[in-house]
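First the structure, in the form of structure tokens, and then the observations on it.
The values are calculated or read from the model by the stated rules, or taken from the named source; none is laboratory data. What you see is a predicted model; the values in this text were computed from it and never measured. Here Cβ is always computed from backbone atoms with ideal geometry, including for glycine, and neighbour counts include all displayed protein chains. For the accessible areas, the whole protein counts, side chains as well, though only heavy atoms, and no ligand, DNA or RNA atoms are used. Shrake-Rupley method; radii C 1.70, N 1.55, O 1.52, S 1.80 Å.
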Amino acid sequence: QVQLVESGGGLVQAGGSLRLSCRASGRTFTMGWFRQAPGKEREFVVAINWSGRDTYYADSVKGRFTTSRDIASNTVYLQMNDLKLEDTAVYYCAARKTLGYTLGSEAHYDYWGQGTQVTVSS
């Protein structure tokens, strides 16, 4: 069983940056981030494979968000730049323990963190 803990959320001005971290208690294959804004369904943000070399981004964040992975510490990072009001959401870290191919689907993942709030203000 793997537990995930997110951190780094907070309040930031539009155009600013935040860096989220997600630490896993054990090894995982795929890690990803989802977010859920008020009144909306949870949506895919980004995923990264076990090596950290392959990343996948939602169109809404491509070019602004960057994900990376520290294999040794089982930690994935989400660097969020040029934040916009519409980025406001609870961000959830997710992980899959084995190889899979539907990285943008919630069903792909085995473990979920508790979420961290990101609020972007004007």
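Quick notes on this structure:
- Carbon + sulfur, % of accessible area of the range 14-122 - ligands and nucleic acids excluded, 1.4 Å: 48 percent
- The chain - charge dipole about Cα centre, Lys and Arg +1 at Cβ, Asp and Glu -1, debye rounded to 20: 260 debye
- Accessible area of S7 (1.4 Å probe, protein heavy atoms only, ligands and nucleic acids ignored): about 60 Å².
- What the range 15-122 shows is 50 Å² of accessible area per residue, with the surface traced by a 1.4 Å probe over protein heavy atoms.
- For the range 70-85, backbone phi angles converted through the Karplus equation (6.51, -1.76, 1.60; θ = phi - 60°) give residue-by-residue couplings of 9, 4, 4, 9, 6, 10, 10, 10, 10, 8, 10, 10, 6, 5, 10, 4 Hz, Gly and Pro being listed as x.
- Of W112, W33, the order by accessible heavy-atom surface (1.4 Å probe, DNA, RNA and ligands excluded), from most exposed downward, is W112, W33.
- Per residue, the average separation of C-alpha pairs within less than 8 Å and at least 6 apart gives the chain a relative contact order of 36 percent.
- Look at the alpha carbon pairs under 8 Å that are at least 6 residues apart: their mean separation over the length of the range 67-122 gives a relative contact order of 36 percent.
- Most simply put, the chain has about 90% antiparallel DSSP beta bridges, counting only bridges with both residues inside it.
- Whether the chain is rounded, prolate or oblate, judged on the alpha carbon gyration tensor where a/c under 1.5 counts as rounded: prolate
- Selected from Q79, Q13, Q36 as most flexible by GNM, with the chain as the system and alpha-carbon contacts under 10 Å: Q13
- Where trypsin sites (Lys or Arg not before Pro) fall in DSSP loop in the range 1-87, at most 12 other Cβ within 10 Å: R27, K40, R53, K62
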